[in-house]
1. What are the ³J(HN,Hα) values, in whole Hz, obtained from phi via the Karplus relation 6.51 cos²θ - 1.76 cosθ + 1.60 with θ = phi - 60°, for each residue of the range 92-104 in sequence order, with x given for Gly and Pro?
2. Work out how much length Glu53 to Glu203 would gain on full extension: take 0.36 nm times their residue separation and subtract the Cα-Cα distance, in nm to one decimal.
3. Starting from 0.36 nm per residue, how many nanometres of slack lie between Glu170 and Thr103 once their C-alpha separation is accounted for?
4. Per residue, how much space in cubic angstrom lies within the convex hull of the C-alpha atoms of the range 111-201?
5. Using a simple charge model, +1 on the beta-carbon of Lys and Arg, -1 on the beta-carbon of Asp and Glu, nothing else, what dipole does the range 49-153 show about its Cα centre, in debye to the nearest 20?
6. Please compute one quarter of the surface area of the Cα convex hull for the range 4-238 and express it in square nanometres.
7. In nanometres, what is the gap between the two model label sites at Glu129 and Ser228, each 7 Å from Cα along Cα-to-Cβ?
8. Which whole-number percent is the relative contact order of the range 4-238 (Cα, under 8 Å, 6+ apart)?
Amino acid sequence: MKSIQQKLRKISIGVFILIAGGVLLSACQKNDNDNIDIPAAALMAFNLSPDKEAIGVNLSGNSISPTPLNYTAFTGRYINIYPGNRTIDAYDYFSRVGFASSTFDFEQDKYYSLFVVGADTVFNNIVVEDNFDGLSGSNGKAYLRFVNAIPDSSKPVLTATAAGQQLVNEPRDYASVSAFKEVTPGKVAINFSNNGNINVSREIDVQEKKAYTVLLLGKPGSTDSDKSIQIRFIENGTLSDSTAAN
C-alpha cells in the first residue's frame with residue numbers, strides 16, 4: 001500500500017501526520033494473498049462564507065465530515081476521497097438545505113482544496129489543485145498562496161513583503177485563489193485594501209519548507225467582529241527535501 005507522499009515524494013510524512021492528519025491516499029483491501037490498491041485523491045474543505053455559520057459538504061451524496069464546518073473553519077486535514085467526476089453540494093448543516101452545487105473531476109493521487117464562499121443569496125464552491133509536486137523542499141524557501149473570500153467587487157490591492165522584497169502587489173478578484181509563491185522564511189507583512197471599506201493588515205511568520213494558505217475574510221460593513229474584514233492563515237504541510245516525483 002502506498003501513500004501519496006510515497007508516490008510524489010513532496011510532503012514529508014512525519015510532519016504531515018501532525019499538520020494534516022497523516023493522509024493515506026491509497027487504501028488496501030486484502031483478497032486472499034493479494035493487496036489491491038484503491039485509487040484515491042485528497043481534499044481539504046473550508047467554510048469561508050460569512051453568511052453561513054455552519055455548513056456541511058457532500059461529495060456525490062456522501063458527507064465529508066461528521067461535524068459542521070463553522071465560519072472560518074476547515075477540515076483540519078486532507079480527507080481521502082474517491083477520484084473521478086464528483087458532485088459537490090454545500091448545505092446548511094442543521095436545516096440540510098443546499099445552497100451551492102457544482103461538479104469537479106478529481107484525479108488520483110492529487111491534493112485539492114475546496115473553498116465555500118459567498119454571501120446573501122449567491123454562493124460558490126471553488127476547487128483548486130494543491131500542486132505540492134511543483135514546489136521544492138530543498139531551496140530554503142517557504143510558500144504562500146492567497147484566497148480572496150471577501151464578497152466585494154472592488155478588486156482590493158493585495159501587497160505582501162518579506163525580507164525587504166515585495167512578493168505581491170496586485171488587485172485580487174473576489175473568489176480568486178493564487179498559485180503558491182516562494183518566499184524567504186521569516187516575517188511576511190500583508191495588506192489588503194481598496195482604500196474604502198476594505199483595509200486590513202497582518203504580519204505572519206513562515207518557516208522553511210512549509211506551504212501556507214492566507215485567507216482574506218469577512219464581509220464589508222459587518223458589525224459582527226467575527227465577520228469583520230480579517231486575515232487568517234493555515235499551514236498546508238511541510239515539503240520533503242526531494243524535488244523529484246517517484
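Derivation of every value follows stated rules applied to the coordinates shown; laboratory data play no part. Keep in mind that what you see is a predicted model, and the values were worked out from it rather than measured. Note that we place each Cβ from the backbone using ideal geometry, even for glycine, and neighbour counts take in every protein chain shown.
1. 5, 4, 8, 8, 6, 8, x, 9, 8, 9, 7, 10, 8
2. Numbers: separation 150, 0.36 × 150 = 54.00 nm, distance 2.68 nm.
Here the segment from Glu53 to Glu203 would lengthen by 51.3 nm.
3. Stretched fully, the Glu170-Thr103 segment lengthens by 21.1 nm.
4. Value for the range 111-201: 97 Å³ per residue.
5. On the way: 7 positive and 12 negative charges, 49 e Å.
Here the size comes out at about 240 debye.
6. Directional mean of the projected Cα hull area for the range 4-238 stands at 13.8 nm².
7. Each label point lies 7 Å from its Cα, and together they span 4.0 nm.
8. Across the range 4-238, relative contact order equals 16 percent.
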